[in-house]
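What follows is a short report on a single structure.
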Amino acid sequence: MNDIVIMNQYARSLRVDKTLRARLISIIRRRKRTIVEADTVADVIEALELIAKSQKSLTNTKVYVVGGDGTFNQMLNWALTQPVEKRPKLIPVGGGQFNFMCKFVGLKSTDPAVNLAAIDSGRVTLKAKAWRPVCVTDSLSGERRYGAVIGNGILCDFVEWYEEAGKGDLFDVLKLIGTVIGDFAKNMIQGRHGRIKPIDGKVAIDGNMLGFDQYAAFMAATVPEFLPKCRPFLKSPGTDSFPLYVYWGNFAALAASVPMIWNGWASPLTDLHTFNDNAKRVEIKTKDPRLLLDGDLHKWPTPMDDALPLRTLTLTYGPEIQLLYAV
């Protein structure tokens, strides 16, 4: 089976650089790779399913993902629906908004044409290594999703706000953070919450219930950096545990601590209401149907007769998948 290139034609780089698609296709065809390019995620998944059914195994197949972290997440979740003996090796080659997975595997550029050309020329050598994402299971639907970075609470509020603003680069993210902090301050003075608000819920970590009924946010990850230079976790992934950040304190203290949290520093303003350590199993009881999944918002299926039912989200380490790293 030829190697496969998944191309999200709506990825940021392809929208900004109108010549990129033609350059990519020229590079891809020289190595006779199979191109999977479609208008929707569903179409890409359908094409991949047909390829998987036609092959006894894809374990020796490399899947290059041209797009952002959300596109890679879709490929990750598809690959983990395959039997272990049929899962291909994945490598994100850039083209999206922040490309944290592209950086995680060691590629120096976020331009997919540059990366593919470097791989083909031998300037970059790829080595397969096992990697495990976070697994999240929803008690109501039974649905299971995997991600490198997952979160809930004000992180979802922030992404919704960010998408409404039309997305942008790091400067736009920092500008929006300033706007959010201003929203915190204004509404705290007035004794209320604005658009960014806490979530009713309870969190248990490795069987120990944390003592609160509302939380601001939780975030778990198996990569150290998910925005440029943003490294909020105090621990690295272990063999059987993953980094987890939970905050349930005052929003004003959180706003003041953003620079420290961004750099992975302990903050005396938030530490008493923060869990920042590794965990093996996390259970979150919440009515919030949203999940931040590698930069994209996912909404769990909800029964029609109950707009906001109570659900339990269970976080564990996911199964191994083979990533291709630049060495």
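General remarks:
- Test for Asp200: is it in contact (Cβ under 8 Å) with a residue 60 or more places away in the chain, part of a strand (DSSP E or B) and of a type in the set (Asp, Glu): yes
- Per the listing Phe233, Phe212, Phe218, the residue uniquely assigned to a strand (DSSP E or B) and either modelled with pLDDT under 95 or in contact with a strand residue (DSSP E or B) (Cβ under 8 Å, 6 or more places away or on another chain) (or both) is Phe218.
- Evaluating Gly67 against the criteria (1) in contact with a helix residue (DSSP H, G or I) (Cβ under 7 Å, 6 or more places away or on another chain); (2) more than 17 Å from Tyr325 (Cβ to Cβ) leaves one unmet condition, (1).
- Of all residues in region 11-35, those being assigned to a loop (DSSP other than H, G, I, E, B) and loosely packed, with under 12 Cβ neighbours inside 10 Å number 3.
- Taken as a whole, the structure places Arg33 among residues that are without any contact (Cβ under 8 Å) to a residue 60 or more places away in the chain, in contact with a strand residue (DSSP E or B) (Cβ under 6 Å, 6 or more places away or on another chain) and among the basic types (Lys, Arg).
- Some residue of region 303-326 being crowded, with 18+ Cβ neighbours inside 10 Å and at positive phi: no
- Yes/no for Gly96 being under 22 Å from the mean Cα position of the chain (by Cα), of a type outside the set (Ser, Thr, Tyr), buried (at least 21 other Cβ atoms within 10 Å of the Cβ) and at positive phi: no
Residues checked against (1) of a type outside the set (S, T, N, Q); (2) over 19 Å from the mean Cα position of the chain (by Cα):
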site	(1), (2)
Arg231	yes, no
Pro237	yes, no
Ser241	no, no
Gly249	yes, yes
Ser257	no, yes
Trp300	yes, no
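- Flag for Leu254 being in contact (Cβ under 8 Å) with a residue 24 or more places away in the chain and in a helix (DSSP H, G or I): yes
- Selection count where residues are part of a loop (DSSP other than H, G, I, E, B) and either at pLDDT 90 or above or not assigned by TED's automatic domain parsing to the domain that holds Leu155 (or both), scope region 267-297: 10
- Conditions (1) touching a Pro at 6+ places or on another chain (Cβ under 7 Å); (2) more than 22 Å from Arg144 (Cβ to Cβ); (3) assigned to a helix (DSSP H, G or I); number of the one not met by Leu76: (2)
- Every pair of residues 6+ apart whose Cβ atoms lie under 7 Å, when the first sits in region 136-159 and is over 17 Å from Trp248 (Cβ atoms) while the second is small (Gly, Ala, Ser): Tyr146/Gly318; Ala148/Ala221; Val149/Ala221; Ile150/Ala220
- Looking only at residues of region 59-73 that are assigned to a helix (DSSP H, G or I) and over 18 Å from Lys129 (Cα atoms), we find that the one that is farthest from the chain's Cα centre (by Cα) is Thr71.
The values are calculated or read from the model by the stated rules, or taken from the named source; none is laboratory data. As the structure is a computational prediction, the values presented were derived from the model and not from experiment. Here the Cβ is made from the backbone with ideal geometry for all residues, glycine too, and neighbour counts use every protein chain on show.
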